[in-house]
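Visitor: The structure's right below; bear with me while I get my questions together.
The values are calculated or read from the model by the stated rules, or taken from the named source; none is laboratory data. Here the structure is a predicted model, which is why all the values come from computation and not from measurement. Glycine gets a Cβ as well: all are built from the backbone with ideal geometry, and neighbour counts include every protein chain shown. Only protein heavy atoms, including side chains, enter the accessible area calculation; ligands, DNA and RNA are left aside. Shrake-Rupley method; radii C 1.70, N 1.55, O 1.52, S 1.80 Å.
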Amino acid sequence: MVNEELIQRVKYLHQQIKYHNELYYELDSPEISDYDYDNLFKELKTLEKNHPSLISSESPTQSIQDNKLEIFSQISHESPMLSLSNVFSEEEFISWLDKIKLNTSKKILELVSELKFDGLAISLTYINGTLKHAATRGDGFIGEDVTNNIKTIDNIPKNIYSLKNVAKIEIRGEVYIKKSKFIALNSIRTKTGLPPFSNPRNTAAGSLRQLDPKITRERPLDAFFYNIAFSTTQIPNTQYEILEYLNNLGLQTNPNNQKIISGDEVLKLHNYWGEERSKLDYDCDGLVIKINDINLQKQLGSTSREPRWAVAFKFNSEKSKTKILDIQVNVGRSGAITPIAILDPVYIDGVKVQSATLHNYSYIQKKEIMINDYVIVERAGEVIPKVLEVIKTSRKGDEKKFEMPENCPSCNEKLFDTPNEAAIFCLNSFCKEKLIRLLEHFVSKDAMEIDGVGKKLVDILINAEYIYDISDLYFLNKDDLIKLDGLGDKSADNILNSIQSSKTKPLNSLIFSLGISNIGKEASIILANHFKNIDDLINANEDDLNQLPGIGPKMTQNIIEYFQAESNIKIINKLKKANLKMTLTSGYESNIKNTNVLNDIKFVITGTLKAGSRSEIDNLINKHGGKTSNNLSKSTNYLIVGDKPGSKLDDAKRMQIKILTEYDFIKMIE
Ligand SMILES: [Zn+2]
């Protein structure tokens, strides 16, 4: 028997899920986390399962938007889609350029200046001249497959005749909406009673991630292209010629790209476009400056996050004048003590700014910053506001000098002054403030994603002395939790459930969540993919780490230091005891069913595959009825090519054996 209360609840869930679907898909501006969305969905599914009479054709469970996280299939990028490092001032740009000149021992560097669009980065793959895949950036390594939607964009060619004989080429660009088209689109929406979109960038992103390509087709999307990430054919060896090459292929490039040879020219261009950009029909928030010579680009390489051969030179952000009311210090999760300026609140770019970072004590000394000083504060993009300079002419005589404390403001332990770094540290591993920051990081979205544990609860748990290190989180029990103020039976269950479900987070999330200095999301993915389990990472030596692309010497040092500390090994052991996932499970490994789709097909593999070891892939092929061999022969059907392929690739071409990318191969068994 289904009671009225349940019927009402189901109705409410329908309405909520539809509302959030619209925000996510149509407007690309979700109000709730994926986790909360999934919980709504799960609750509805459970109710329907227990009471089938509640299922109606209107239920969101009956439509295609079953689980939005799994809707788009995934595509691995041939080379990672990195983001760019930013500079915000002329000094920062010149010092970037000087560093490159120093590293390459070149006095004159040819550069290319491109406008930086505020759109959505995409990667297109053409196979023998036909557009085969289009993917979003995703996490930089794996993106969402938006091929069908990209095909609705008129100015992106579906076939390029001159690439007919090119086995594969991967091209990078940006999808955007013209300002004029955006205004027209919104005026139509308002006339038909639909809510207007908030801005062109979000609209472009939301439109591209529509489930129904018909909706994407109705949106006036456009694209510019600027890079070739991979190609099986010879491509030009300068960035400027690559732009011309792309243009000749019919892939639109921006007409304002320019080849230049001096830093001064860049500064002039930057000033010019800073003024003129409002006249452009698309949003543009800076210049991208690239080294023109592709060989030099390769020589400079990339960090795990960004290429060293390009930089985004942002246009002037908003600055404002205000007063420093006080200077306080924060304890970071690594123990670094950061001075913070408490400001007389000021609105910059519509955002209320109440504090700004002062970086470290030597910054305060260099800029001669004092309490009660009037200062220029800058807020650029999403970064923390910073104090740029003191307006010394506004001084009244009541300014007070600030001294760094000698003891930790949280635990009172003597602070440690590092000789090589500007920062000073609290080294006490039981420092409460440090632990709070670390636990906040540990539960955050990109780390272990424990939504049930927010900032407030982190504070409560640590102050109640339930938690002395991050691993204690997994040993909480319900009896302890309900003793806490304001926690009921149900919320205690929810908290424990969300902690429990974090145990299966992938290895890279676990590595990131440990909060090792300088080890960000991307570096964690690289480490997880390479070492495949936590023990091999713990036992890695300097050489093992240094040889990994994207892991610099500083990161290497931080990793080694982290695992040398006995207290950290204790934490890892406790996490193991709590049954957290400590090994990499490849996407292939899960749910393998035996099939015959590869019946008697013979494969040879060369190079490193992204998603599994050689034996895992062998195993996978066998499970689908195929055969593998170490050597090419006349009876070989396919060569699967991974990263850094060996001589087998050339042999296979000569022997006219079909060549598959890892992605092509996966398509065969899906
Ligand atoms: Zn401390």
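Visitor: If I ask for residues that are surrounded by fewer than 18 Cβ atoms within 10 Å (Cβ to Cβ), in contact (Cβ under 8 Å) with a residue 40 or more places away in the chain and over 27 Å from the mean Cα position of the chain (by Cα), which ones from region 278-294 would you list?
Guide: Answer for region 278-294, where residues must be surrounded by fewer than 18 Cβ atoms within 10 Å (Cβ to Cβ), in contact (Cβ under 8 Å) with a residue 40 or more places away in the chain and over 27 Å from the mean Cα position of the chain (by Cα): LEU280, ASP281.
Visitor: Let me ask something else about it. Return only the number of the condition from (1) surrounded by fewer than 18 Cβ atoms within 10 Å (Cβ to Cβ); (2) within 29 Å of the chain's Cα centre (by Cα); (3) among the acidic types (Asp, Glu) that ASP222 does not satisfy.
Guide: (1)
Visitor: What residue, of ASP459, ASP469, ASP446, ASP493, is at negative phi and modelled with pLDDT under 90?
Guide: On the way: ASP459 fails: modelled with pLDDT under 90; ASP469 fails: modelled with pLDDT under 90; ASP493 fails: modelled with pLDDT under 90.
Just one listed residue meets the conditions, ASP446.
Visitor: Looking at this structure, is GLN328 in contact with a strand residue (DSSP E or B) (Cβ under 6 Å, 6 or more places away or on another chain) and of a type in the set (S, T, N, Q)? If you could, list the steps in order and put the result at the bottom.
Guide: Values: in contact with a strand residue (DSSP E or B) (Cβ under 6 Å, 6 or more places away or on another chain): yes; of a type in the set (S, T, N, Q): yes.
Criteria met by GLN328.
Visitor: Tell me which of these ASP446 doesn't satisfy, since it passes every other one: (1) farther than 19 Å from ILE519 by Cα; (2) more than 16 Å from the ligand (Cβ to nearest atom); (3) of a type outside the set (A, V, I, L, M); (4) touching a residue at least 12 places away in the same chain (Cβ under 8 Å).
Guide: (1)
Visitor: Can you say whether PHE512 is in contact with an Asp or Glu (Cβ under 7 Å, 6 or more places away or on another chain) and in a helix (DSSP H, G or I), as far as the supplied structure shows?
Guide: Values: in contact with an Asp or Glu (Cβ under 7 Å, 6 or more places away or on another chain): yes; in a helix (DSSP H, G or I): yes.
For PHE512, the condition - in contact with an Asp or Glu (Cβ under 7 Å, 6 or more places away or on another chain) and in a helix (DSSP H, G or I) - is met.
Visitor: Any residue at all in region 515-523 that's closer than 27 Å to ASN558 by Cβ, assigned to a helix (DSSP H, G or I), open to solvent by 60 Å² or more (accessible area, probe 1.4 Å) and in contact with a helix residue (DSSP H, G or I) (Cβ under 6 Å, 6 or more places away or on another chain)?
Guide: Filtering region 515-523 for residues closer than 27 Å to ASN558 by Cβ gives 515-523.
Retained after the next criterion (residues that are assigned to a helix (DSSP H, G or I)): 521-523.
Keeping just the survivors that are open to solvent by 60 Å² or more (accessible area, probe 1.4 Å) gives 521.
Checking the rest, the ones that are also in contact with a helix residue (DSSP H, G or I) (Cβ under 6 Å, 6 or more places away or on another chain) come to 521.
Yes, there is a match, as at least one residue in region 515-523 is closer than 27 Å to ASN558 by Cβ, assigned to a helix (DSSP H, G or I), open to solvent by 60 Å² or more (accessible area, probe 1.4 Å) and in contact with a helix residue (DSSP H, G or I) (Cβ under 6 Å, 6 or more places away or on another chain).
Visitor: Okay, next question. So which residues in region 391-427 are of a type in the set (Ser, Thr, Tyr) and within 8 Å of the ligand (Cβ to nearest atom)?
Guide: Here is the first cut: in region 391-427, the residues of a type in the set (Ser, Thr, Tyr) are 393-394, 410, 418.
The answer is SER410, and nothing else.
Visitor: When you check ASP118 against the structure, is it free of Cβ contacts under 8 Å to residues at least 40 places away in the same chain and either more than 16 Å from VAL288 (Cβ to Cβ) or touching an Asp or Glu at 6+ places or on another chain (Cβ under 6 Å) (or both), yes or no?
Guide: Values: free of Cβ contacts under 8 Å to residues at least 40 places away in the same chain: no; either more than 16 Å from VAL288 (Cβ to Cβ) or touching an Asp or Glu at 6+ places or on another chain (Cβ under 6 Å) (or both): yes.
Against the criterion (free of Cβ contacts under 8 Å to residues at least 40 places away in the same chain and either more than 16 Å from VAL288 (Cβ to Cβ) or touching an Asp or Glu at 6+ places or on another chain (Cβ under 6 Å) (or both)), ASP118 does not qualify.
Visitor: Based on what the data block shows, is ASN103 open to solvent by 60 Å² or more (accessible area, probe 1.4 Å), within 21 Å of SER302 (Cα to Cα) and assigned to a strand (DSSP E or B)? Don't jump to the end; show me each part of the working.
Guide: On the way: open to solvent by 60 Å² or more (accessible area, probe 1.4 Å): yes; within 21 Å of SER302 (Cα to Cα): yes; assigned to a strand (DSSP E or B): no.
No, not satisfied.
Visitor: Quick check, is ALA528 over 13 Å from ALA447 (Cα atoms) and in contact with a Pro (Cβ under 8 Å, 6 or more places away or on another chain)? Step through it out loud before you land on a result.
Guide: Numbers: over 13 Å from ALA447 (Cα atoms): yes; in contact with a Pro (Cβ under 8 Å, 6 or more places away or on another chain): yes.
Here the answer is yes, as ALA528 does meet what is asked.
Visitor: Of everything in region 133-157, what is more than 29 Å from HIS530 (Cα to Cα) and either acidic (Asp, Glu) or open to solvent by 70 Å² or more (accessible area, probe 1.4 Å) (or both)? Give them in sequence order. Spell out how you get there, then give the answer.
Guide: Residues of region 133-157 more than 29 Å from HIS530 (Cα to Cα): 147-157.
Hits for region 133-157 are ASN148, LYS151, ASP154.
Residue-wise test of (1) at pLDDT below 85; (2) touching a strand residue (DSSP E or B) at 6+ places or on another chain (Cβ under 8 Å).
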{"residue": "THR130", "(1), (2)": "no, yes"}
{"residue": "HIS133", "(1), (2)": "no, yes"}
{"residue": "THR136", "(1), (2)": "no, yes"}
{"residue": "GLY140", "(1), (2)": "yes, no"}
{"residue": "LYS151", "(1), (2)": "no, yes"}
{"residue": "PHE182", "(1), (2)": "no, no"}
{"residue": "GLY193", "(1), (2)": "yes, no"}
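Visitor: It is to be established whether one or more residues within region 373-380 are among the basic types (Lys, Arg) and either within 11 Å of the ligand (Cβ to nearest atom) or in contact with a Leu (Cβ under 8 Å, 6 or more places away or on another chain) (or both).
Guide: Of all residues in region 373-380, those among the basic types (Lys, Arg) come to 379.
Next, only the ones that are either within 11 Å of the ligand (Cβ to nearest atom) or in contact with a Leu (Cβ under 8 Å, 6 or more places away or on another chain) (or both) stay: none.
Checked region 373-380: no residue is among the basic types (Lys, Arg) and either within 11 Å of the ligand (Cβ to nearest atom) or in contact with a Leu (Cβ under 8 Å, 6 or more places away or on another chain) (or both).
Visitor: I would also like to ask the following. Got a sec? Which helices (runs of 4 or more DSSP H) wholly within region 551-634 have at least 2 residues that are farther than 19 Å from ILE519 by Cβ and at pLDDT 90 or above? Talk me through it step by step, then tell me what you get.
Guide: Details: elements: 553-564, 566-577, 614-623.
It comes to 566-577.
Visitor: In this structure, does THR238 turn out to be of a type outside the set (Asp, Glu), in contact (Cβ under 8 Å) with a residue 40 or more places away in the chain and surrounded by fewer than 18 Cβ atoms within 10 Å (Cβ to Cβ)? Talk me through it step by step, then tell me what you get.
Guide: Details: of a type outside the set (Asp, Glu): yes; in contact (Cβ under 8 Å) with a residue 40 or more places away in the chain: yes; surrounded by fewer than 18 Cβ atoms within 10 Å (Cβ to Cβ): no.
Judged against the criteria, THR238 is not a match.
Visitor: Filter region 184-193 down to the residues that are open to solvent by 80 Å² or more (accessible area, probe 1.4 Å) and aliphatic (A, V, I, L, M) and list them by number. So that I can check it myself, show each step before the final result.
Guide: Initial filter on region 184-193 (open to solvent by 80 Å² or more (accessible area, probe 1.4 Å)): 188, 190-192.
Passing the criteria: only ILE188.
Visitor: Within region 428-439, which residues are more than 8 Å from the ligand (Cβ to nearest atom) and not in a helix (DSSP H, G or I)? Please lay out each step first, then the result.
Guide: Start the filter on region 428-439 by keeping residues that are more than 8 Å from the ligand (Cβ to nearest atom), which leaves 429-430, 435-439.
Passing the criteria: SER429, PHE430.
Visitor: While we're looking at this one, here's another question. How about region 46-70: which of its residues are at pLDDT below 75, part of a helix (DSSP H, G or I) and farther than 15 Å from TYR12 by Cα?
Guide: Step one: filter region 46-70 for residues at pLDDT below 75, giving 61-70.
Applying the additional criterion that residues be part of a helix (DSSP H, G or I) yields 61-62, 68-70.
Passing the criteria: GLN62, LYS68, LEU69, GLU70.
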